[in-house]
Amino acid sequence: QVHLVQSGAEVKKPGASVKVSCKTSGFTFTSYGISWVRQAPGQGLEWVGWVSGYNGATNYAQNFRGRVTMTIDTPTTTAYMELRSLTPDDTAVYYCARDRSSSARENWGQGTLVTVSS
Amino acid sequence: QSVLTQPPSVSAAPGQTVTISCSGSSSNIGNNYVSWYQQFPGTAPKLLIYDSGSRPSGIPDRFSGSKSDTSATLGITGLQTGDEADYYCGTWDTSLNAAVFGGGTKLTVL
């Protein structure tokens, strides 16, 4: 079955960067895209962006352009999201998800809590 | 401020039927499929409905989805206490070139 396993919780200071990994299994990695979605404490879901498992092409949400980089490592079927210039407003649980289509995220990782605090 | 609009909360008694609405525009719901997600506290969202009305394998037929013009609806029949959760709608927004979500609806089963 499909699994997405994310790296552990992170605590960062304002201005720092964080890189979250998403190790996948149970499907053909190169046939799907991976979306990253975040959820601030007590808030709703916010799409951060998408990376193609086929060729590493990316599409980032406007709010994150210039500050986020999504990459893949095909041999290990792992996706990565790096977010730079962190502020306390970036404190959230970050999820990776396998996309069924542009409109649907079918399988989700367990989430990675990123806390930004001085 | 979410691109898609959902009621903050809905409630109904066990065994009853509840609907959750999701309102958008022509750039999102009006021209794209809608998905619905269920999320329990402290856990990742789970896909309930995709392509506006299709269920992934393992999702009971008590859950249904529909779409009309720029709005979508999630229906849940035979409510159970275990259905108490947050529900989110999602779709693609062609103008934003981005995936978008509703603000979420908290379902209480009284």
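The values are calculated or read from the model by the stated rules, or taken from the named source; none is laboratory data. The structure displayed is predicted, hence computed values, not measured ones. Ideal geometry is used to build each Cβ from the backbone, glycine not excepted, and the neighbour counts take in all protein chains shown.
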Which one of the conditions (1) surrounded by 15 or more Cβ atoms within 10 Å (Cβ to Cβ); (2) not in a strand (DSSP E or B) does B:Gly42 fail to meet, given that it meets all the rest? (1)
Any residue at all in the stretch A:97-105 that is in a loop (DSSP other than H, G, I, E, B), polar (S, T, N, Q) and within 26 Å of B:Ser27 (Cα to Cα)? yes
Does A:Phe64 fit the bill of being out of contact with any His (no Cβ under 7 Å at 6 or more places or on another chain), within 14 Å of another protein chain (Cβ to nearest Cβ) and at pLDDT 95 or above? yes
Could you say which residue among B:Ser21, B:Ser25, B:Ser2 is within 14 Å of another protein chain (Cβ to nearest Cβ) and not in a helix (DSSP H, G or I)? B:Ser2
Residue satisfying all of: in the stretch B:53-77; in contact with a Leu (Cβ under 8 Å, 6 or more places away or on another chain), not basic (Lys, Arg) and not in a strand (DSSP E or B); nearest to A:Ser101 (Cα to Cα) among these: B:Pro56
Has the stretch A:30-49 got any residue that is surrounded by fewer than 17 Cβ atoms within 10 Å (Cβ to Cβ), out of contact with any Asp or Glu (no Cβ under 9 Å at 6 or more places or on another chain) and away from chain B (no Cβ under 14 Å)? yes
Only residues that are surrounded by fewer than 19 Cβ atoms within 10 Å (Cβ to Cβ) and out of contact with any Cys (no Cβ under 9 Å at 6 or more places or on another chain): list them for the stretch B:12-22, please. B:Ala12, B:Ala13, B:Pro14, B:Gly15, B:Gln16, B:Thr17, B:Thr19
Condition check for B:Lys46: touching an Asp or Glu at 6+ places or on another chain (Cβ under 7 Å), modelled with pLDDT of 95 or more, basic (Lys, Arg) and under 27 Å from A:Tyr94 (Cβ atoms): no
Show the residue pairs that are 6+ apart or on different chains and have beta-carbon atoms under 8 Å apart, the first residue being within the stretch B:38-54 and within 7 Å of chain A (Cβ to nearest Cβ), the second being basic (Lys, Arg) and not in a loop (DSSP other than H, G, I, E, B). B:Pro45/A:Arg105; B:Leu47/A:Arg100; B:Leu47/A:Arg105; B:Tyr50/A:Arg100
Can you work out which of the residues in the stretch B:56-110 that are loosely packed, with under 14 Cβ neighbours inside 10 Å and within 14 Å of chain A (Cβ to nearest Cβ) is nearest to A:Ala40 (Cα to Cα)? B:Asn97
Taking the condition touching a residue at least 24 places away in the same chain (Cβ under 8 Å), acidic (Asp, Glu) and buried (at least 18 other Cβ atoms within 10 Å of the Cβ), does A:Asp99 pass? yes
Could you check the stretch B:5-18 and list, in sequence order, the residues that are small (Gly, Ala, Ser) and assigned to a strand (DSSP E or B)? B:Ser9, B:Ser11, B:Ala12
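Based on what the data block shows, is B:Ser35 without any contact (Cβ under 8 Å) to a residue 24 or more places away in the chain, surrounded by 15 or more Cβ atoms within 10 Å (Cβ to Cβ) and touching a Phe, Trp or Tyr at 6+ places or on another chain (Cβ under 6 Å)?
Details: without any contact (Cβ under 8 Å) to a residue 24 or more places away in the chain: no; surrounded by 15 or more Cβ atoms within 10 Å (Cβ to Cβ): yes; touching a Phe, Trp or Tyr at 6+ places or on another chain (Cβ under 6 Å): yes.
So B:Ser35 fails the test.
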